[in-house]
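Laboratory data are not the source of any read-out in this text; all were calculated from the coordinates shown. Because the structure is a prediction, the values reported are computed rather than measured. With ideal geometry, Cβ positions are generated from the backbone for all residues, glycine too; neighbour counts draw on all protein chains shown.
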Amino acid sequence: MKPIQILWGVTAGVAVVASVLLSGCSGLIRDFPETRLFVLETPQVDEGGAGFQTGRGLLIRQFDIAAEFESSYFVYKVSDNRFTNDYYNKFMVSPGRMITDAFRDALDDSVLFRLVPAGEPDQIDFRLSGKITHLYVDIQNPDHPRAVMALRLLLEKQVPAGFMPVISHEYSITEPVSGTGMRAEAYVQAWNRCLSQVVTEFLTDAGFL
């Protein structure tokens with residue numbers, strides 16, 4: 001009987017220890033900072049002249065993004081040559097896809113273009129591709145952070161011989177971070193302003209074609 005009693009005693013002890021460890025782990029999990037997810041908004045374009053059907057067929061390819069900024073986690077510049085990731089604040093989807101989709105929706109809302117799929121080549125007047133070369137927040141001066149976004153865009157026009165470049169330009173925008181709310185939300189708002197300005201400048205350039 002004694003060995004059985006000892007076994008039960010050990011089992012009970014293990015159960016107590018396990019209970020304490022699980023309780024401790026639960027506390028750690030509850031105290032661990034929660035990852036917050038954000039999205040960029042589709043820029044609002046000037047609808048002046050809406051209803052006048054001038055939209056030219058546009059095919060938009062998925063934008064590439066520099067490897068340094070392809071992660072969904074926010075990226076901060078902390079010195080001239082050093083960047084860091086923020087593992088508690090991130091984009092809900094990959095930034096390359098998110099910015100492409102926002103750009104696509106904005107241009108589709110404009111009077112200059114109408115989106116057409118790749119499967120309708122006879123409807124394509126222009127083809128747009130691009131690369132996101134910078135997407136970060138400069139926090140070298142913690143009191144005055146700045147959101148940075150840069151897109152290198154290539155707009156090509158379809159001619160009898162193929163596609164001819166008509167716009168090849170890098171749109172680089174820096175916006176001061178403002179607001180008194182959560183800092184991560186202020187970063188996203190500043191990036192939204194960057195994206196809106198890129199779209200505006202691109203449409204201005206395209207309007208001269």
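Here are the numbers for this structure:
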quantity	calculated
Percent of alpha-carbon pairs separated by more than 14 Å within the stretch 82-154	73 percent
Where a label projected 7 Å from the Cα of LEU37 along Cα→Cβ would reach, residues of the stretch 69-93 with amide N under 12 Å	90-93
Mean Cα-pair separation over length for the stretch 36-206, i.e. relative contact order, pairs under 8 Å, 6 or more apart, %	25 percent
Alpha-carbon Rg with Dmax, taken over the stretch 36-206, Å	17.1, 55
Additional length obtainable on full extension of the chain from ASN141 to GLN197, 0.36 nm per residue less Cα span	17.8 nm
Normalised contact order of the stretch 58-140, rounded percent, pairs of Cα under 8 Å and 6 or more residues apart	51 percent
Computed label-point distance, nm, for sites SER94 and TYR73 using a 7 Å Cα→Cβ extension	1.8 nm
